[in-house]
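Student: Could you have a look at this structure, given as structure tokens, before my questions?
The values are calculated or read from the model by the stated rules, or taken from the named source; none is laboratory data. As the structure is a computational prediction, the values presented were derived from the model and not from experiment. Positions of Cβ are backbone-derived with ideal geometry, glycine not excepted, and every protein chain shown enters the neighbour counts. Side chains are part of the model used for accessible areas, which takes the heavy atoms of the whole protein and leaves out ligands, DNA and RNA. Shrake-Rupley method; radii C 1.70, N 1.55, O 1.52, S 1.80 Å.
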Amino acid sequence: MGYASGRAGGYLYGDALDGDIDLTDPLMRWQRLEAFAVMFRQAVLPWFDEAGDPERIASSRAGDCTNRPSALVEWLASRDQEARIGTYVHRYLARTPGAQQQYETGRAKGEAGLSHAELQGGDMAEALGWSVAKLTPSL
């Protein structure tokens, strides 16, 4: 929950404290419980609603904040949402300056038949390009 509420609140990776609730102080228990319930309703539930909907994720805050864009593309492909993959990739590249070259490198590696293990470790744009080449060669 901290991850989802933190992401909904604008943090890149979420904040574990957003998902914590300390009910040990009897004088603060109800106040903290109410604040937690508000956070849950306003941040966590909408985040999961948006992130779990293939029709909305590609153009959502949840999609923007993922730290594994290739996993999002793979999930969309598993749901037969190829058109949304294109939407997501264009959005990702538009808001990630400098990613285009690494994305193209990843696509080229995927098209050449290189394995995922042969990618630069941790480069999200390259992994995204590779996944797109493997899953939606027509893009």
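Student: Within the stretch 103-124, count every residue that is in contact (Cβ under 8 Å) with a residue 24 or more places away in the chain, of a type in the set (A, V, I, L, M, F, W, C) and out of contact with any Pro (no Cβ under 8 Å at 6 or more places or on another chain).
Tutor: Matching residues across the stretch 103-124 total 1.
Student: Okay, next question. Kindly check whether there is at least one residue in the stretch 46-66 that is modelled with pLDDT under 90, under 24 Å from Gly121 (Cα atoms) and hydroxyl-bearing (Ser, Thr, Tyr).
Tutor: Checking the stretch 46-66: at least one residue is modelled with pLDDT under 90, under 24 Å from Gly121 (Cα atoms) and hydroxyl-bearing (Ser, Thr, Tyr).
Student: Right, here's the next one. I'd like to check something: does the stretch 130-137 contain any residue that is at pLDDT 90 or above, part of a helix (DSSP H, G or I) and of a type in the set (Gly, Ala, Ser)?
Tutor: yes
Student: Which residue, of Gln100, Gln120, is modelled with pLDDT of 95 or more and out of contact with any Lys or Arg (no Cβ under 6 Å at 6 or more places or on another chain)?
Tutor: Of Gln100, Gln120, the one residue that is modelled with pLDDT of 95 or more and out of contact with any Lys or Arg (no Cβ under 6 Å at 6 or more places or on another chain) is Gln100.
Student: Taking Phe36 as the residue in question, decide whether it is open to solvent by less than 60 Å² (accessible area, probe 1.4 Å) and over 18 Å from the mean Cα position of the chain (by Cα).
Tutor: When the stated conditions are applied, Phe36 passes them.
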